[in-house]
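The numbers here are math on the coordinates, done by the rules we state, and not lab data. In this text, all values refer to a predicted model and were calculated from it rather than measured experimentally.
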Ligand SMILES: Cc1cc2nc3c(=O)[nH]c(=O)nc-3n(C[C@H](O)[C@H](O)[C@H](O)COP(=O)(O)O)c2cc1C
C-alpha cells in the first residue's frame, strides 16, 4: 500500500514522507536514544525536542504526573541549545533517511529569527516547526494567543529560511482560527495542531499540586 504523504506540496524543497507517522515534539527527544529500541527510519518524520538559543535546564521535579485519562507535564523546554544541536546532533540526523523537523522556541522575535537563521541550510534539518506557546517577554503574552504577535514572529522566521515552515498552535488561543489565518498569511506552510491544554493535578493528601511547577500541560 502506498502510504507516502506530500506534507507541503508545492513547496520548493517539499516534505515528502514515506508514511504519515510523525513523533510529537518532546515525546521522542531528538530521536537518537530511540535508535536502540526500534528502526526509527521507518517513521514518516521525526520532530525534535524544542530547541532554544541557550541550553535550558527545565522546571523543577516532578515534571510528569498521571491523570485519570492521560498525563500532565511541565518539562519547561529543557534542551541542549542550538550550538550543541549544530555540533553533536544535526550531523547524526544528516545520516538518516527519515526527515527531521526542528522544533524551535524563543522568548523574543529575534530569538526565533536567530534559531531559524542557524537551522536554515543545516545538513540534517528538513523543516522547522515553531512552538508559539511560549511567553513573549516583549509584550507579556504568549505568541500563540495573540494574532498580531503570532503573525510577527512567523514573518520574522519566514524571512530567515526557505525551509518548510510549520507553526504549532496552542489551544489557549481564544480564537484559534484567527491565529491560524494570521500565521498562514505571514508565511507558514503548514499548521501543527496542537500543543497541550493547561492543566493541574492536586494531590489530595498533601493538598499540593502534583507537579513541581504547579500547573502543566495535559
Ligand atoms: C513530555 C512532553 C514534552 C513536550 N515537549 C514539547 C516541546 O518541547 N515542544 C513542543 O512544541 N511541544 C512539546 N510537547 C507537546 C507535544 O508535542 C504535543 O503537542 C502534546 O502532547 C499534545 O498532543 P497529545 O494530546 O497527543 O499528547 C511535549 C509534550 C510532552 C508530553
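What residue among 51, 176, 82 has the largest mean-square fluctuation in a Gaussian network model of the chain, using Cα springs under 10 Å?
176
Given the rule -39500 (n - 2.57) for each run of at least 4 DSSP H residues, summed and divided by the residues of the chain, what is its mean residue ellipticity at 222 nm, to the nearest 500 deg cm²/dmol?
So the calculated ellipticity at 222 nm is -5000 deg cm²/dmol.
So how long is each side of the chain along the principal axes, counting just the alpha-carbon atoms, biggest first, in Å?
Largest first, the chain extends 55, 43, 37 Å along its Cα principal axes.
Between residue 12 and residue 92, what is 0.36 nm times their sequence separation minus the Cα-Cα distance? Round to one decimal in nm.
Using 0.36 nm per residue and subtracting the Cα-Cα distance, I get 26.4 nm.
Hull surface divided by four, with the convex hull built on the Cα atoms of the stretch 95-176: how many nm²?
The orientation-averaged projected area of the Cα hull of the stretch 95-176 comes to 5.3 nm².
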